[in-house]
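Q: What follows is a single structure, and I will ask about it in a moment.
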Amino acid sequence: MTGVTRAEGRPTSTRKITFYVALAVFAQESTWNFYDNRVPELLRDHVASAAVIGLLMGMDNLLGVFIQPYMGNRSDNTRTSWGRRIPYLAVLMPVGAGLFLLIPHATSLSWLILVIFLYALVMNSFRPVSESLMPDFIAPERRSRANAAVKTASALTTIVAALVSLLLVDDHPKLAFAVPAALMLVAAGVLVWRVRDSRSPAYQAALAEDAEAGKAANGEAAVKVRMWSIIRDVLVDPDRSRVLLIVAVFVFASAWFSSRSLLTPYGVQVLGLSDGEAGGLTLPSGIAYIAAAFPAAFLAERFGRLRVIAAGIAVFTLALAFASLFRDPTVTVVAMCVAAAGAAAFTINAVVVLWNLAPSSRVLGTYSGLYTVGWASGGIAGPGLVGLAVDLTGWHLLLLHIAILSAVAAVLVVHIDRRRRAAGLKEGTR
């Protein structure tokens, strides 16, 4: 599957477009990871309450639930000589970089909140746009391995954020923000220079559908595909695959975010570790996730995405259930590594399944946004729900609660797979 370069008009290979999308995501996530590292400390200079800091730091997820589907749909309906995605990235990525640079210069709480709100708004606005470039160019059967490259690039940004913190934050706290911002500006420049999605297969298919819709409307301009009509189609579809998959995304995201955000207090309360030692429990699992990304993609393309997703969730569930029985730091680290490898099977393939279930190339951006609705909602609700369970039963059962939650996601995915197979529906068809 090929696209076209801007300057030369020659086909862009699958590997090149995967690299460009991975570069865009890497640049975005570099700013997000550094944001998560540094902004809580900046807020702490003005706010003593951890709850208030937590609420402000969760604002980006809440914005994402509402903004990303809208912007994905807006880009789906855009038609320009540059395509439907690049015009938004050409404008919003530099604006996001500029707002990121302003964060450490905000001298009062009100200004800091305003800047981080605008930053989160802009970043959420183009996130589904950049992520939708990949399915625009790449055929459905090859999207898992391309998404593995994108997710690997995203995972590597934790290392970038850590290095910037180690090398610059203590001596040059404001300059440190310039490094991720510069990465995003470079990525924006490369995308604008090298990519035009106006000739991507999905964009060309969308234009063909526009033409057919125009004929059906007696030659009048084709009606744009509205977001609410897409959501209604997902909800009323008798097949239920898409809505059940979004629910599964929500449930697994609840388990995943709980396993990351609540593990440090678990290490202190149950494993007897110091704060610093407990904070490092998840570090090796990041490496395990990266190592599992491409195998998860290749297995999905060989045996079917839904089956591999279900198997990955099962691995995640069993690893945490095992660790809940043997409350030892080493066992916990190993279990988190195994769980992260299982989680890779979900995060690499679930959005690809949703893209492939889209009824038309005209709505891929909206479907990227719908995936975010499930994932971000789980990130907001999951730690709170699991935390409530911990309040009722004690910290020693944390991993078991997360395992039970992920088991629900596995049941949902298996149910989707069985229903579709019973109905004779192939993966990626409605």
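Q: Answer yes if at least one residue in the range 330-340 is of a type in the set (Ser, Thr, Tyr) and either on the phi > 0 side of the Ramachandran plot or free of Cβ contacts under 8 Å to residues at least 60 places away in the same chain (or both), and no otherwise. Talk me through it step by step, then tell me what you get.
A: Taking the range 330-340 as the starting set, the residues that turn out to be of a type in the set (Ser, Thr, Tyr) are 330, 332.
Applying the additional criterion that residues be either on the phi > 0 side of the Ramachandran plot or free of Cβ contacts under 8 Å to residues at least 60 places away in the same chain (or both) yields 330.
Yes, there is a match, as at least one residue in the range 330-340 is of a type in the set (Ser, Thr, Tyr) and either on the phi > 0 side of the Ramachandran plot or free of Cβ contacts under 8 Å to residues at least 60 places away in the same chain (or both).
Q: Hey, another quick one. Report yes if LEU121 is of a type outside the set (D, E, K, R) and surrounded by fewer than 24 Cβ atoms within 10 Å (Cβ to Cβ), otherwise no.
A: Working: of a type outside the set (D, E, K, R): yes; surrounded by fewer than 24 Cβ atoms within 10 Å (Cβ to Cβ): yes.
Answer is yes for this residue.
Q: Give the range 150-194 a look and list any residue that's open to solvent by 30 Å² or more (accessible area, probe 1.4 Å), in a helix (DSSP H, G or I), more than 27 Å from LEU133 (Cβ to Cβ) and modelled with pLDDT of 80 or more, or say none.
A: Passing the criteria: only LEU175.
Q: OK, next. Can you tell me which residue among ARG302, ARG242 is over 23 Å from the mean Cα position of the chain (by Cα), in a helix (DSSP H, G or I), at pLDDT 85 or above and not β-branched (Val, Ile, Thr)?
A: ARG302
Q: Same structure again: For the range 107-118, which residues satisfy the criterion of being open to solvent by 10 Å² or more (accessible area, probe 1.4 Å) and touching a residue at least 40 places away in the same chain (Cβ under 8 Å)?
A: Once the filter is applied, which keeps residues that are open to solvent by 10 Å² or more (accessible area, probe 1.4 Å) and touching a residue at least 40 places away in the same chain (Cβ under 8 Å), the range 107-118 yields SER108, LEU109, ILE113, PHE117.
For every residue, the table says whether it meets (1) polar (S, T, N, Q); (2) closer than 21 Å to VAL234 by Cβ; (3) in contact (Cβ under 8 Å) with a residue 40 or more places away in the chain.
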{"residue": "SER285", "(1), (2), (3)": "yes, no, yes"}
{"residue": "ALA291", "(1), (2), (3)": "no, no, yes"}
{"residue": "ALA323", "(1), (2), (3)": "no, no, yes"}
{"residue": "GLY394", "(1), (2), (3)": "no, no, no"}
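Q: Pick out the one residue from GLY378, GLY369 that is open to solvent by less than 10 Å² (accessible area, probe 1.4 Å) and farther than 17 Å from SER259 by Cβ.
A: Residue meeting the stated conditions: GLY369.
Q: Restricted to the range 60-101, and to residues that are more than 20 Å from MET184 (Cβ to Cβ) and of a type in the set (A, V, I, L, M, F, W, C), which residue is surrounded by the fewest Cβ atoms within 10 Å (Cβ to Cβ)?
A: PHE66
Q: Anything in the range 360-405 that is part of a helix (DSSP H, G or I), closer than 30 Å to ASN73 by Cα and of a type in the set (Ser, Thr, Tyr)? List them, or say none.
A: Within the range 360-405, SER361, THR366, TYR367, SER368, TYR371, THR372, SER377 meet the criteria.
Q: Also, I was wondering about something else. Can you tell me which residues in the range 195-229 are assigned to a loop (DSSP other than H, G, I, E, B) and either at pLDDT 80 or above or surrounded by 17 or more Cβ atoms within 10 Å (Cβ to Cβ) (or both)?
A: Selection gives VAL195, SER200, ALA222, VAL225, ARG226.
Residues checked against (1) open to solvent by less than 50 Å² (accessible area, probe 1.4 Å); (2) within 30 Å of ILE138 (Cα to Cα); (3) touching a Phe, Trp or Tyr at 6+ places or on another chain (Cβ under 9 Å):
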{"position": "SER30", "(1), (2), (3)": "yes, yes, no"}
{"position": "ASN33", "(1), (2), (3)": "yes, yes, no"}
{"position": "ASN37", "(1), (2), (3)": "no, no, no"}
{"position": "GLU41", "(1), (2), (3)": "no, no, no"}
{"position": "ARG44", "(1), (2), (3)": "no, no, no"}
{"position": "VAL47", "(1), (2), (3)": "yes, no, no"}
{"position": "GLY58", "(1), (2), (3)": "yes, no, no"}
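Q: Out of (1) open to solvent by 50 Å² or more (accessible area, probe 1.4 Å); (2) farther than 16 Å from LEU244 by Cβ, what's the single condition that is false for LEU364?
A: LEU364 satisfies every listed condition except (1).
Q: Quick one: count up the residues across the range 124-149 that are part of a helix (DSSP H, G or I) and surrounded by 24 or more Cβ atoms within 10 Å (Cβ to Cβ).
A: Total meeting the criteria: 18.
Q: Would you point out the residue of the range 244-289, among those that are in contact with a Phe, Trp or Tyr (Cβ under 6 Å, 6 or more places away or on another chain) and among the β-branched types (Val, Ile, Thr), that is surrounded by the fewest Cβ atoms within 10 Å (Cβ to Cβ)?
A: VAL270
Q: Quick one: is GLY312 over 17 Å from the mean Cα position of the chain (by Cα), open to solvent by less than 20 Å² (accessible area, probe 1.4 Å) and under 30 Å from ARG421 (Cα atoms)?
A: Numbers: over 17 Å from the mean Cα position of the chain (by Cα): yes; open to solvent by less than 20 Å² (accessible area, probe 1.4 Å): yes; under 30 Å from ARG421 (Cα atoms): yes.
Spelling it out, GLY312 is indeed over 17 Å from the mean Cα position of the chain (by Cα), open to solvent by less than 20 Å² (accessible area, probe 1.4 Å) and under 30 Å from ARG421 (Cα atoms).
The values are calculated or read from the model by the stated rules, or taken from the named source; none is laboratory data. This is a predicted model, so every value here is computed, not measured. Glycine also receives a Cβ, built like all others from the backbone with ideal geometry; neighbour counts cover every protein chain displayed. Accessible surface areas use protein heavy atoms only, side chains included; no ligands, DNA or RNA. Shrake-Rupley method; radii C 1.70, N 1.55, O 1.52, S 1.80 Å.
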